[in-house]
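Chemist: Just passing along the structure, written as structure tokens.
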Number of protein chains: 2
Amino acid sequence: MAEENTSKVCEAHPMTGGDGPNSYAKNSNIQRDAIDAAKELVSKAIAENLQIEVLPSNTFRIADLGCSVGPNTFLAIENILEGVEFKYQRKGLNSQIPEFHVFFNDHTSNDFNMLFKTLPENRRYYSAGVPGSFYGRLFPDASIHLAHSSYALQWLSRVPKSVVDSNSPARNKGRIHYSNSTDDVIRAHETQSTEDMECFLQARAQEIVYGGLMVLTIPGRPDGTPHSDASPNVIFQLLGSSLMDLVRKGVVSEEKVDSFNILTYSTSAQELVAVVERNGYFSIEKMVGLPLPLVHDTILYAQLLTSHLRAGMEGDLKQQFGEEVLDELFDLYRKKCEENASSLDPGKAVNFLVVLRRN
Amino acid sequence: MAEENTSKVCEAHPMTGGDGPNSYAKNSNIQRDAIDAAKELVSKAIAENLQIEVLPSNTFRIADLGCSVGPNTFLAIENILEGVEFKYQRKGLNSQIPEFHVFFNDHTSNDFNMLFKTLPENRRYYSAGVPGSFYGRLFPDASIHLAHSSYALQWLSRVPKSVVDSNSPARNKGRIHYSNSTDDVIRAHETQSTEDMECFLQARAQEIVYGGLMVLTIPGRPDGTPHSDASPNVIFQLLGSSLMDLVRKGVVSEEKVDSFNILTYSTSAQELVAVVERNGYFSIEKMVGLPLPLVHDTILYAQLLTSHLRAGMEGDLKQQFGEEVLDELFDLYRKKCEENASSLDPGKAVNFLVVLRRN
């Protein structure tokens with residue numbers, strides 16, 4: 001029943017826990033900007049698309065899928081609550097505003113202890129933490145009224161089989177990301193992304209009530225932009241290139257780079273529409289590109305990207321390459337970001353805000 | 001709305017986390033024995049007292065209040081599920097057995113990361129962790145069908161005010177437990193226990209559906225047994241006496257012993273009945289004393305009590321007295337248990353199994 005029942009291995013990528021200088025809690029501004037940009041759109045989407053007739057009079061249940069450790073998840077939940085309450089108020093149903101039960105979901109390896117310790121003190125909802133991959137079932141049938149996910153669905157559930165198999169031509173030699181790899185590797189990741197999105201939609205179709213909403217923010221690439229050029233991908237290509245520099249310096253072994261894969265995928269609007277339509281349980285109420293933050297100062301932008309990436313990836317990198325290489329690695333990385341500022345063009349990236357309704 | 005809204009400070013006493021040799025996970029046999037002893041009674045109580053008419057056809061929600069880190073909570077949930085399923089089966093409603101959603105509750109300082117990592121793989125329920133004190137609200141109105149709590153309600157929510165105030169005659173000088181203290185201290189703890197139970201029942205009355213059950217296991221004392229003689233209390237008196245030995249040896253400061261309080265209370269059947277009746281929302285369907293484990297080998301029993309107490313108290317003791325005293329302290333303690341075996345008579349303790357129905 002739970003996510004373990006699916007045959008696939010769900011790979012976890014916990015953000016750096018705690019609240020130290022390299023923690024996700026203190027280095028998630030880019031995700032936070034996405035939430036800020038989405039805020040008004042989310043409230044508006046809720047007001048327009050929540051059908052008051054199908055709403056509960058007792059408990060309204062919200063899930064944040066891939067919540068990490070906060071504070072972003074708490075801001076997102078606050079936005080959603082405001083949107084839902086506004087909807088009730090606008091219909092003159094002030095006295096019928098339900099209680100809210102919020103489910104914070106992430107992988108079992110997420111730092112739930114930290115999440116729980118930092119729950120806002122004056123929250124007006126009941127809270128629960130839900131461990132497990134959102135590519136499998138997490139909740140009982142028809143129990144969720146609104147599911148939210150921000151900056152999480154770009155993570156694949158697993159390394160595609162053909163990439164793991166070292167005899168395959170698709171092996172990701174000298175690279176850590178699919179996007180600058182061979183056509184075979186790119187195809188394997190496209191297939192994995194499609195499979196994952198199908199699992200995600202299938203699970204949510206069972207869990208979300210009729211008329212309930214999904215509000216998803218997903219970083220991706222504009223239609224027509226090749227995987228190799230999309231800036232969310234270039235970010236990881238530059239990390240791979242920094243690691244290969246360390247291989248050449250003898251600091252890191254090449255085998256370790258070969259066997260390391262960053263499992264994100266940059267989807268496109270076309271691909272998203274196709275998988276939602278094939279699933280058939282949800283209508284697309286809204287799909288827009290959120291404005292991306294423009295940072296004109298190259299040095300500042302490189303620094304921002306570096307601290308952001310370190311907060312997100314430090315755990316995985318430490319495990320694979322050892323803690324002692326991290327400072328040198330991220331110093332190299334920051335310089336590469338400065339040198340390649342033009343490849344990180346916001347025009348080659350898009351943050352999708354997608355609102356789906358369960359039909 | 002959440003537990004923070006109550007004016008009282010809720011003191012947390014997390015069990016020793018992780019799975020090391022002194023962990024709660026590996027040293028909770030006494031609690032486990034209580035669950036084993038309760039198992040048949042719990043199934044029977046569910047079969048007799050769950051009114052099938054008020055049960056949901058979709059999701060059956062279970063809360064384990066004060067769950068700690070497992071494995072006991074998982075065994076308890078398994079027992080409960082069997083009892084509920086048996087009830088549906090006996091009524092010929094096999095096809096209507098609902099999905100189960102289980103909420104694992106404990107203080108925010110509980111090791112939820114550990115709890116989540118050790119969730120049974122083949123569980124047939126959806127899981128969520130709920131941080132917060134059960135002396136306040138944890139769940140939306142009328143959302144829980146069965147609440148369970150085992151070996152948790154003996155913990156008070158706070159040091160009674162009159163005991164904290166050092167000018168009060170009720171100050172707990174040279175002791176760490178109310179039970180061998182002055183009459184004032186004992187009265188202050190009685191009052192606190194009553195207040196806490198009132199808060200607990202009031203919160204659960206709002207959260208549990210009409211006809212829903214509470215199944216509680218609470219260690220206490222037989223009616224008429226003075227607090228000072230009840231063996232669950234003697235266990236802590238001996239710890240206090242061990243600490244005072246360390247004071248005399250100059251290893252521990254007397255002030256630290258004076259300001260340390262173990263916040264358990266041993267209730268009686270009379271007190272339990274009185275507080276439930278005064279609350280008025282629940283009927284007492286069953287209240288029995290579970291058989292207590294008899295260990296005839298004094299040395300073995302002393303060892304068992306020592307490892308049990310260490311798993312439960314190590315965190316608090318370390319914080320107050322420093323890690324370096326723990327080995328010496330528990331060595332002393334073990335010897336005192338051997339010498340005082342007659343004071344630890346199971347006849348001077350009782351484990352209440354209480355089944356309440358929400359009316």
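The values are calculated or read from the model by the stated rules, or taken from the named source; none is laboratory data. On a predicted model such as this, the values are computed, not experimentally measured, just so you know. Counting neighbours? That spans all protein chains shown, and the Cβs are built from the backbone with ideal geometry, glycine included. Note: areas computed on protein heavy atoms with side chains; ligands, DNA, RNA excluded. Shrake-Rupley method; radii C 1.70, N 1.55, O 1.52, S 1.80 Å.
Chemist: Only one residue in A:Ile97, A:Ile144 is within 14 Å of another protein chain (Cβ to nearest Cβ), in contact with a Lys or Arg (Cβ under 8 Å, 6 or more places away or on another chain) and under 24 Å from B:Ser143 (Cα atoms). Which one?
Modeler: Testing whether each residue is within 14 Å of another protein chain (Cβ to nearest Cβ), in contact with a Lys or Arg (Cβ under 8 Å, 6 or more places away or on another chain) and under 24 Å from B:Ser143 (Cα atoms) leaves just A:Ile144.
Chemist: I need the full set of residues from segment A:121-153 which are small (Gly, Ala, Ser), over 14 Å from A:Phe74 (Cβ atoms) and under 17 Å from the mean Cα position of the chain (by Cα), in order please.
Modeler: A:Gly132, A:Ser133, A:Gly136, A:Ala147, A:Ser149, A:Ala152
Chemist: Same structure, new question: Away from every other protein chain (no Cβ under 13 Å), buried (at least 18 other Cβ atoms within 10 Å of the Cβ), modelled with pLDDT under 60 and out of contact with any strand residue (DSSP E or B) (no Cβ under 9 Å at 6 or more places or on another chain), is that true of B:Ser7?
Modeler: Criteria not met by B:Ser7.
Chemist: For segment A:153-176, check the following and say yes or no: at least one residue is within 14 Å of chain B (Cβ to nearest Cβ) and under 30 Å from A:Glu82 (Cβ atoms).
Modeler: no
Chemist: Further, regarding this structure: Select from segment A:34-63 the residues that are over 16 Å from A:Val355 (Cα atoms) and assigned to a loop (DSSP other than H, G, I, E, B) and write down the one among them that is nearest to the other protein chains (Cβ to nearest Cβ).
Modeler: A:Asn58
Chemist: Follow-up. Filter segment B:255-300 down to the residues that are touching a strand residue (DSSP E or B) at 6+ places or on another chain (Cβ under 7 Å) and in a helix (DSSP H, G or I), then identify the one that is surrounded by the fewest Cβ atoms within 10 Å (Cβ to Cβ).
Modeler: Checking each candidate, the answer is B:Val273.
Chemist: Related question: If you go through segment B:101-135 one residue at a time, how many are within 8 Å of chain A (Cβ to nearest Cβ), not in a loop (DSSP other than H, G, I, E, B) and not β-branched (Val, Ile, Thr)?
Modeler: 11
Chemist: From the list A:Leu353, A:Leu309, A:Leu317, A:Leu329, which residue is of a type in the set (A, V, I, L, M, F, W, C), touching a Leu at 6+ places or on another chain (Cβ under 7 Å) and in a strand (DSSP E or B)?
Modeler: Step by step, each of A:Leu353, A:Leu309, A:Leu317, A:Leu329 is checked, and only A:Leu353 is of a type in the set (A, V, I, L, M, F, W, C), touching a Leu at 6+ places or on another chain (Cβ under 7 Å) and in a strand (DSSP E or B).
Chemist: Taking the condition of being open to solvent by 30 Å² or more (accessible area, probe 1.4 Å) and farther than 25 Å from B:Glu285 by Cα, how many residues in segment B:215-231 meet it?
Modeler: Residues flagged as open to solvent by 30 Å² or more (accessible area, probe 1.4 Å) and farther than 25 Å from B:Glu285 by Cα within segment B:215-231 amount to 3.
Chemist: With respect to A:Glu190, determine if the residue is surrounded by fewer than 18 Cβ atoms within 10 Å (Cβ to Cβ) and in contact (Cβ under 8 Å) with a residue 24 or more places away in the chain.
Modeler: It is true that A:Glu190 is surrounded by fewer than 18 Cβ atoms within 10 Å (Cβ to Cβ) and in contact (Cβ under 8 Å) with a residue 24 or more places away in the chain.
Chemist: Could you list all residues from segment A:305-337 that are surrounded by fewer than 18 Cβ atoms within 10 Å (Cβ to Cβ) and within 19 Å of A:Pro219 (Cβ to Cβ)?
Modeler: Matches in segment A:305-337: A:His308 only.
Chemist: Just one of the numbered conditions (1) at pLDDT 95 or above; (2) out of contact with any Ser or Thr (no Cβ under 7 Å at 6 or more places or on another chain); (3) open to solvent by 10 Å² or more (accessible area, probe 1.4 Å); (4) within 9 Å of chain B (Cβ to nearest Cβ) is not true of A:Phe139; which one?
Modeler: Exception for A:Phe139: condition (3).
Chemist: Take the residues of segment A:193-210 that are among the charged types (D, E, K, R) and open to solvent by 10 Å² or more (accessible area, probe 1.4 Å): which is farthest from A:Arg137 (Cα to Cα)?
Modeler: A:Glu195
Chemist: Also: Looking at A:Pro160, is it buried (at least 21 other Cβ atoms within 10 Å of the Cβ) and either in contact with a strand residue (DSSP E or B) (Cβ under 8 Å, 6 or more places away or on another chain) or not basic (Lys, Arg) (or both)?
Modeler: The answer is yes for A:Pro160.
Chemist: Any chance segment A:81-91 includes a residue that's within 14 Å of chain B (Cβ to nearest Cβ) and farther than 21 Å from A:Val42 by Cβ?
Modeler: No, segment A:81-91 contains no residue that is within 14 Å of chain B (Cβ to nearest Cβ) and farther than 21 Å from A:Val42 by Cβ.
Chemist: Quick one: A:Ala76 ticks every box in (1) small (Gly, Ala, Ser); (2) surrounded by fewer than 22 Cβ atoms within 10 Å (Cβ to Cβ); (3) assigned to a helix (DSSP H, G or I) bar one, so which box is it?
Modeler: Unmet for A:Ala76, out of (1) small (Gly, Ala, Ser); (2) surrounded by fewer than 22 Cβ atoms within 10 Å (Cβ to Cβ); (3) assigned to a helix (DSSP H, G or I): (2).
Chemist: Among B:Phe112, B:Phe60, B:Phe116, which is the only one that is open to solvent by less than 30 Å² (accessible area, probe 1.4 Å) and either closer than 20 Å to A:Arg61 by Cα or within 16 Å of the chain's Cα centre (by Cα) (or both)? Full working, then the answer.
Modeler: Values: B:Phe112 fails: either closer than 20 Å to A:Arg61 by Cα or within 16 Å of the chain's Cα centre (by Cα) (or both); B:Phe116 fails: either closer than 20 Å to A:Arg61 by Cα or within 16 Å of the chain's Cα centre (by Cα) (or both).
Sole residue among the options that is open to solvent by less than 30 Å² (accessible area, probe 1.4 Å) and either closer than 20 Å to A:Arg61 by Cα or within 16 Å of the chain's Cα centre (by Cα) (or both): B:Phe60.
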